[in-house]
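Colleague: Input: one structure, supplied below.
The values are calculated or read from the model by the stated rules, or taken from the named source; none is laboratory data. This structure is a prediction, so every number in the text was calculated from the model and none was measured. For neighbour counting, all protein chains shown are included, and Cβ atoms are generated from backbone atoms with ideal geometry for every residue, glycine included.
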Amino acid sequence: MQIYKVGGCVRDELLGLPVKDRDWVVVGATPQDMLAAGYKPVGKDFPVFLHPQTHEEYALARTERKTAPGYTGFAFHAAPDVSLEDDLKRRDLTINAMAETESGELIDPYHGREDLDHRVLRHVSPAFMEDPVRILRVARFAARLAAFNFQVADDTLQLMRGMVNNGEVDALVPERVWQETVRALGEATPTRFFDVLRDCGALARLFPELDRLYGVPQPEEHHPEIDTGVHTMLVLQQAARLSSDPKIRFAALVHDLGKGITPKAEWPKHKEHEERGVPLVEALCERLRVPNDYRDLAILVTRYHLHYHRAAEMTDIEFLDTLMGLDAFRRPQRFEEFLLACEADSRGRPGYEDQEFDQPTIFRRAYAAAATIDAGALAKQGLQGEAIAAELARLRLAKIQLARAPYLKA
């Protein structure tokens, strides 16, 4: 039995990044050998075991062969005669196909260290084309390692395009697409994920609502970048700068989907794109099985982001209606998430990244003032039903008026 540290932990150690999890491959052993040594079996599709003390994963060396379309269509073979090189060859990228002995010696049969030094994401073998999840993984690694300026190798990008063209990418199940997407949204540079998907043609197949934004113009006076797709990536970039919460980043990503279906005769304006965008967000979330908290925030940002931008122009009644539509008084945390996503929208334009905007202050001050009105106190005064609602609205409007007054445009 020979044990090797493999994969991401080896890669991250060489890059000087913190290692969160360590994975191990065992060569020359059978499942019975592992059980006899006290390891606990956990693998469903192939033999994986937990170490009795550290609880880290130890997988028997294995090979795989394609048996059907999609990412589940594989047959695995694990046996004592499977070599470490055979096991590493089935991995996606060369930088993930390195191993380390227990004494610290690097084993690198597919030149992962060289690609690591040259900042290249390169496939290990043509078998890369057999698993469409690898398109998503390459895009996600590009997002994770963007600070190191990693680029996808040209030949790997060509393989990915071939997988899109031959329909292999269409076999991806929604849950796996969302799993990789939400992980990418949590990376330091989530825009790279979508850039790589667009470069290989997968964005149009997996996120057609986003892909159609490219080439759609906006008024240059408000959007120096002009292109709506470019704007969307700038907004996502700013959302990542403002918050590490992937919910906020997702809402920023989809907030302008309605512009993708504006009739060309109306370009570069996009009247009522907010309401047009809501069904698109709903459909995307349903298709990818997006969790409710992500969906709900994304819909609110899509529907109300222009209300946010008009914080100093709306009437007090419109402002209160917006707070009520956001359910701000009952969901203050989500209200704050809404503000951050909308602030990212403001900053997602060339020259506006570090500008000071009044909208966040107006909304927070007006909300805080209106939130001091207590419906319970009104009930104690003897008011009931519609009378409480009317008085609550009247008092909240008064508070909103005072809080917004210094910011209103003449």
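Colleague: Look at residue 136 and say whether it is outside any loop (DSSP other than H, G, I, E, B), in the same structural domain as residue 192 (by TED's automatic domain parsing) and under 21 Å from the mean Cα position of the chain (by Cα).
Modeller: Taking the combined requirement at face value, the residue satisfies it.
Colleague: If I ask for residues that are within 22 Å of residue 173 (Cβ to Cβ) and under 22 Å from the mean Cα position of the chain (by Cα), which ones from the stretch 95-133 would you list?
Modeller: Across the stretch 95-133, the qualifying residues are 131, 132, 133.
Colleague: Another one. Check whether at least one residue in the stretch 190-208 is at pLDDT below 95 and surrounded by fewer than 17 Cβ atoms within 10 Å (Cβ to Cβ), and report yes or no.
Modeller: Looking for residues that are at pLDDT below 95 and surrounded by fewer than 17 Cβ atoms within 10 Å (Cβ to Cβ), one finds none in the stretch 190-208, hence no.
Colleague: Within the stretch 285-298, does at least one residue satisfy the condition of being outside any helix (DSSP H, G or I), crowded, with 17+ Cβ neighbours inside 10 Å and within 20 Å of the chain's Cα centre (by Cα)?
Modeller: Checked against the condition, which is being outside any helix (DSSP H, G or I), crowded, with 17+ Cβ neighbours inside 10 Å and within 20 Å of the chain's Cα centre (by Cα), the stretch 285-298 yields at least one hit.
Colleague: How many residues does the stretch 219-278 contain that are under 16 Å from the mean Cα position of the chain (by Cα) and of a type in the set (Phe, Trp, Tyr)?
Modeller: Residues flagged as under 16 Å from the mean Cα position of the chain (by Cα) and of a type in the set (Phe, Trp, Tyr) within the stretch 219-278 amount to 1.
Colleague: Anything in the stretch 117-146 that is among the aliphatic types (A, V, I, L, M) and surrounded by fewer than 21 Cβ atoms within 10 Å (Cβ to Cβ)? List them, or say none.
Modeller: 120, 127, 129, 133, 146
Colleague: For the structure I just gave you, tell me whether residue 361 is touching a helix residue (DSSP H, G or I) at 6+ places or on another chain (Cβ under 6 Å), modelled with pLDDT of 95 or more and hydroxyl-bearing (Ser, Thr, Tyr).
Modeller: Judged against the criteria, residue 361 is not a match.
Colleague: So, one more: Out of all the residues in the stretch 170-182, is one or more in the same structural domain as residue 131 (by TED's automatic domain parsing), over 12 Å from the mean Cα position of the chain (by Cα) and free of Cβ contacts under 8 Å to residues at least 40 places away in the same chain?
Modeller: Checked against the condition, which is being in the same structural domain as residue 131 (by TED's automatic domain parsing), over 12 Å from the mean Cα position of the chain (by Cα) and free of Cβ contacts under 8 Å to residues at least 40 places away in the same chain, the stretch 170-182 yields at least one hit.
Colleague: I'm trying to understand the selection: among the residues of the stretch 32-54, which are touching a strand residue (DSSP E or B) at 6+ places or on another chain (Cβ under 7 Å), touching a residue at least 24 places away in the same chain (Cβ under 8 Å) and not in a loop (DSSP other than H, G, I, E, B)?
Modeller: Within the stretch 32-54, just 34 meets the criteria.
Colleague: Would you pick out the residues in the stretch 189-219 that are of a type in the set (D, E, K, R) and touching an Asp or Glu at 6+ places or on another chain (Cβ under 8 Å)?
Modeller: Across the stretch 189-219, the qualifying residues are 198, 205.
Colleague: Residues that are closer than 30 Å to residue 223 by Cα, more than 25 Å from the chain's Cα centre (by Cα) and among the aliphatic types (A, V, I, L, M): find the helices (runs of 4 or more DSSP H) completely inside the stretch 307-410 holding 3 or more of those.
Modeller: Per the criteria, 316-325.
Colleague: Give me a count of the residues in the stretch 358-390 that are among the polar types (S, T, N, Q) and under 25 Å from residue 406 (Cα atoms).
Modeller: Here the count works out to 3.
Colleague: For the stretch 248-262, state whether one or more residues are free of Cβ contacts under 8 Å to residues at least 40 places away in the same chain, more than 25 Å from residue 355 (Cα to Cα) and either surrounded by fewer than 21 Cβ atoms within 10 Å (Cβ to Cβ) or in the same structural domain as residue 190 (by TED's automatic domain parsing) (or both).
Modeller: No, the stretch 248-262 contains no residue that is free of Cβ contacts under 8 Å to residues at least 40 places away in the same chain, more than 25 Å from residue 355 (Cα to Cα) and either surrounded by fewer than 21 Cβ atoms within 10 Å (Cβ to Cβ) or in the same structural domain as residue 190 (by TED's automatic domain parsing) (or both).
Colleague: On to the next question. Working carefully through the options 15, 93, 60, find the one that is in contact (Cβ under 8 Å) with a residue 24 or more places away in the chain and within 23 Å of residue 176 (Cα to Cα).
Modeller: 93
Colleague: Name the pairs: first residue in the stretch 278-298 and modelled with pLDDT of 95 or more, second residue among the polar types (S, T, N, Q), Cβ to Cβ under 7 Å, at least 6 apart or on different chains?
Modeller: 278/302; 281/302
Colleague: State whether the residues of the stretch 249-260 include one that is touching a Lys or Arg at 6+ places or on another chain (Cβ under 6 Å) and assigned to a helix (DSSP H, G or I).
Modeller: Looking for residues that are touching a Lys or Arg at 6+ places or on another chain (Cβ under 6 Å) and assigned to a helix (DSSP H, G or I), one finds at least one in the stretch 249-260, hence yes.
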